[in-house]
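**Q** Let me give you the structure first, and then I'll get to my questions.
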Amino acid sequence: MATNSRLIPASQWVVPTLTVAENDQLLTFSVQSAFNYHGYDAVGGVVLGFRLLQRALALLSENNEPLQRRELTLFTAFPGLGARDCFELVSRMVTEQRFTLDTDFIHPDAQKGIAGSFYFEFGYRGKRVALAPIVGQPSSAFLAAGRASKQPDATAEIQQQWIAAKYQLANTLLGISAQDAIRVL
């Protein structure tokens, strides 16, 4: 398995897979498969999306049974493409229109992002769970670097700081479990 050298070694990734069902067939996805699908430009968002899915699947499952991937829904205020592609890979919720994005939605306990906020409400068979990253992740330094990188006068140094911040977030999230990374609102 080839990984990006800016990431911690794959041997240090905590819980690097998740499993869903496609009718009677079980499908297992790895963090690496999410990187292969999206790429590494939004590396922090990919891992965030993966951890969110792991937490949602655990909370929405009865008796730890794998969920039917095509029955998952998501309402979110977070427009990040890395997370969105991870959700799509695992559940096909974007192309099948079970993904709703409203960047103007505000939840008092969800941290504001570079755009929108870190609010994720997953649904499955009438059950819902609202999730967000733990307090302090992403860090204020991450958000500041991201906002600075979006400015028209952003220098190459600012862009490099933003890239480093995305990898730092990814490595932080890769090194902890979904339960330690994601909180229930």
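The values are calculated or read from the model by the stated rules, or taken from the named source; none is laboratory data. None of the values given here were measured: they were computed from a predicted structure. Glycine also receives a Cβ, built like all others from the backbone with ideal geometry; neighbour counts cover every protein chain displayed.
**Q** Checking the condition assigned to a helix (DSSP H, G or I) and either crowded, with 22+ Cβ neighbours inside 10 Å or modelled with pLDDT of 95 or more (or both), which residue from Arg128, Arg84 passes?
**A** None of the others qualify; the one that does is Arg84.
**Q** For the stretch 65-89, how many residues are closer than 19 Å to Ile106 by Cβ and of a type in the set (A, V, I, L, M, F, W, C)?
**A** Qualifying residue count for the region: 5.
**Q** Let me ask something else about it. State all residues of the stretch 106-120 that are surrounded by 14 or more Cβ atoms within 10 Å (Cβ to Cβ) and either assigned to a loop (DSSP other than H, G, I, E, B) or of a type in the set (Ser, Thr, Tyr) (or both); if no residue qualifies, say none.
**A** First, the residues of the stretch 106-120 that are surrounded by 14 or more Cβ atoms within 10 Å (Cβ to Cβ): 107, 110-111, 113-114, 116-120.
Correct list: His107, Ala110, Gln111, Gly113, Ile114, Gly116, Ser117, Phe118, Tyr119.
Per-residue answers, yes or no, for (1) at positive phi; (2) assigned to a loop (DSSP other than H, G, I, E, B); (3) surrounded by fewer than 16 Cβ atoms within 10 Å (Cβ to Cβ); (4) of a type in the set (A, V, I, L, M):
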{"position": "Phe75", "(1), (2), (3), (4)": "no, no, no, no"}
{"position": "Val90", "(1), (2), (3), (4)": "no, no, no, yes"}
{"position": "Asp104", "(1), (2), (3), (4)": "no, yes, yes, no"}
{"position": "Phe122", "(1), (2), (3), (4)": "no, no, no, no"}
{"position": "Arg147", "(1), (2), (3), (4)": "no, no, yes, no"}
{"position": "Ala154", "(1), (2), (3), (4)": "no, yes, yes, yes"}
{"position": "Gln159", "(1), (2), (3), (4)": "no, no, yes, no"}
{"position": "Ala164", "(1), (2), (3), (4)": "no, no, yes, yes"}
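**Q** Let me ask something additional. Would you say Tyr119 is in contact with a Cys (Cβ under 9 Å, 6 or more places away or on another chain), at pLDDT 95 or above and hydroxyl-bearing (Ser, Thr, Tyr)?
**A** The answer is no for Tyr119.
**Q** Please go through (1) exposed (fewer than 14 other Cβ atoms within 10 Å of the Cβ); (2) under 27 Å from Arg69 (Cα atoms) for Ser140 and return the number of the only condition it doesn't satisfy.
**A** (2)
**Q** Tally time: how many residues in the stretch 16-60 are more than 14 Å from the chain's Cα centre (by Cα) and either assigned to a helix (DSSP H, G or I) or more than 18 Å from Phe120 (Cβ to Cβ) (or both)?
**A** 13
**Q** Please identify the pairs in which a residue from the stretch 54-78 that is touching a residue at least 24 places away in the same chain (Cβ under 8 Å) and under 19 Å from Ala42 (Cβ atoms) has its Cβ atom under 7 Å from the Cβ atom of a residue that is in a strand (DSSP E or B) and among the small types (Gly, Ala, Ser), counting only partners at least 6 apart or on another chain.
**A** Close Cβ pairs (under 7 Å, with a partner that is in a strand (DSSP E or B) and among the small types (Gly, Ala, Ser)) amount to Ala77/Ser117; Phe78/Ser117.
**Q** Only one of Ser61, Ser33 is within 28 Å of Leu7 (Cα to Cα) and either surrounded by 15 or more Cβ atoms within 10 Å (Cβ to Cβ) or out of contact with any Asp or Glu (no Cβ under 9 Å at 6 or more places or on another chain) (or both). Can you tell me which?
**A** The unique qualifying residue is Ser33.
**Q** Can Arg70 be described as crowded, with 17+ Cβ neighbours inside 10 Å, of a type in the set (D, E, K, R), touching a Lys or Arg at 6+ places or on another chain (Cβ under 9 Å) and assigned to a helix (DSSP H, G or I)? Walk me through it before giving the result.
**A** Working: crowded, with 17+ Cβ neighbours inside 10 Å: no; of a type in the set (D, E, K, R): yes; touching a Lys or Arg at 6+ places or on another chain (Cβ under 9 Å): yes; assigned to a helix (DSSP H, G or I): yes.
Taking the combined requirement at face value, the residue does not satisfy it.
**Q** Follow-up. Taking Gln97 as meeting all but one of (1) out of contact with any Pro (no Cβ under 7 Å at 6 or more places or on another chain); (2) touching a residue at least 24 places away in the same chain (Cβ under 8 Å); (3) not hydroxyl-bearing (Ser, Thr, Tyr), write down the number of the exception.
**A** (2)
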